[in-house]
1. Among the residues of the stretch 163-170, is there at least one that is more than 18 Å from Glu193 (Cβ to Cβ), aliphatic (A, V, I, L, M) and buried (at least 17 other Cβ atoms within 10 Å of the Cβ)?
2. Being more than 16 Å from Ala9 (Cα to Cα) and in contact (Cβ under 8 Å) with a residue 40 or more places away in the chain is the filter here; which residues of the stretch 95-122 pass it?
3. State all residues of the stretch 171-189 that are acidic (Asp, Glu) and crowded, with 20+ Cβ neighbours inside 10 Å; if no residue qualifies, say none.
4. What do you reckon, is Asp104 within 21 Å of Ser57 (Cβ to Cβ), among the acidic types (Asp, Glu) and modelled with pLDDT under 95?
5. Pick out, from the stretch 136-233, the helices (runs of 4 or more DSSP H) lying fully within it that include 1 or more residues that are under 23 Å from Leu18 (Cα atoms), at pLDDT below 90 and out of contact with any helix residue (DSSP H, G or I) (no Cβ under 9 Å at 6 or more places or on another chain).
6. Being in contact with a Leu (Cβ under 6 Å, 6 or more places away or on another chain), part of a helix (DSSP H, G or I) and either at pLDDT below 85 or buried (at least 18 other Cβ atoms within 10 Å of the Cβ) (or both): is that true of Ala94 here?
7. Taking Pro79 and the conditions (1) under 20 Å from the mean Cα position of the chain (by Cα); (2) part of a loop (DSSP other than H, G, I, E, B), which numbered condition does it fall short on, given that it satisfies the others?
8. Could you give every pair whose Cβ atoms fall below 6 Å, whose first residue belongs to the stretch 11-34 and is farther than 14 Å from Leu195 by Cα, and whose second residue is among the basic types (Lys, Arg), counting only separations of at least 6 or pairs across chains?
Amino acid sequence: MLDRLQALADRLAAVKHLVWKLVLGGAMLSAASAAFGYLVLGSGQQHQLFRDAGPISLLSVLQTLTVAVLGLMISRREPRHGDWRDYNNFWFLAGVGFLVLSFDALTDLHGVVGGLLDAHTAIEPRFGFHRVSDAIIGLYMLLGMGVTLIHIRQLLANPDALGYFTVGAGLVLGMIIFDGFREQTSWNWVVEETLKVFAGSFFVGSFVARYRWEQQDTTAPEDAPSTRHLSTA
């Protein structure tokens with residue numbers, strides 16, 4: 001199983017301009033899905049292929065799973081200590097985090113939990129969010145920011161990885177604003193899910209950049225100085 005995941009990571013690392021190909025593909029799929037919903041299903045229905053098991057939602061889940069795999073593969077190449085430090089690094093924790101996000105997206109866990117809390121509790125305030133489930137998404141982001149800040153040195157060592165990650169985080173913030181603080185309309189749903197796909201593209205690029213950095217160092221001759229250089233993701 002690990003060998004197959006490693007092979008997948010190697011194939012992704014070999015793709016040039018991966019981020020922009022993912023962004024372009026996501027934009028084209030989003031535009032086609034919105035056009036189908038509007039023209040075929042009717043005005044106000046352009047979001048229908050962006051929900052549940054629609055193509056945009058499935059693409060987003062595939063992206064988060066890819067980031068999770070890359071994070072776990074990167075963590076396997078980090079220096080080993082034989083104790084808790086083997087798991088207390090950004091790439092392992094981020095890999096696990098994106099794995100959880102993938103499970104949440106497939107099961108709508110935050111929606112289910114938020115619905116239960118809405119129905120059986122009187123949680124106030126919601127800090128401006130329309131629903132408790134939206135606030136849970138905001139909490140996910142805060143946890144992610146916390147892990148990132150604690151391990152920021154591991155990102156600072158990789159300018160390309162840091163740059164792509166920063167753009168991805170900014171797009172997630174935009175998605176949360178569209179989802180949590182605005183009235184839910186069909187077009188808002190389209191924008192929100194499209195931002196999610198764009199964010200996933202940049203997160204994949206960030207982790208691929210780090211993976212390439214690790215890959216180049218481990219394939220260098222033992223007596224040669226480290227020449228880690230981030231190629232274009």
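The values are calculated or read from the model by the stated rules, or taken from the named source; none is laboratory data. Small disclaimer: the values here were computed from a predicted structure and weren't measured. Here Cβ is always computed from backbone atoms with ideal geometry, including for glycine, and neighbour counts include all displayed protein chains.
1. Going residue by residue through the stretch 163-170, those that are more than 18 Å from Glu193 (Cβ to Cβ) are 163-166.
From the residues that got through so far, the ones that are aliphatic (A, V, I, L, M) too are none.
No, the stretch 163-170 contains no residue that is more than 18 Å from Glu193 (Cβ to Cβ), aliphatic (A, V, I, L, M) and buried (at least 17 other Cβ atoms within 10 Å of the Cβ).
2. Residues satisfying the conditions are Gly97, Ser102, Ala105, Leu106.
3. Narrowing the stretch 171-189 to residues acidic (Asp, Glu): 179, 183.
Listed by number, the list holds a single entry, Asp179.
4. yes
5. Values: elements: 152-156, 159-180, 186-218.
Because the criterion is at least 1 residues that are under 23 Å from Leu18 (Cα atoms), at pLDDT below 90 and out of contact with any helix residue (DSSP H, G or I) (no Cβ under 9 Å at 6 or more places or on another chain), the helices (runs of 4 or more DSSP H) in the stretch 136-233 that meet it are 186-218.
6. On the way: in contact with a Leu (Cβ under 6 Å, 6 or more places away or on another chain): no; part of a helix (DSSP H, G or I): yes; either at pLDDT below 85 or buried (at least 18 other Cβ atoms within 10 Å of the Cβ) (or both): yes.
When the stated conditions are applied, Ala94 does not pass them.
7. It fails just one condition, (1).
8. Between residues of the stretch 11-34 that are farther than 14 Å from Leu195 by Cα and residues that are among the basic types (Lys, Arg), the close pairs are Ala13/Arg212.
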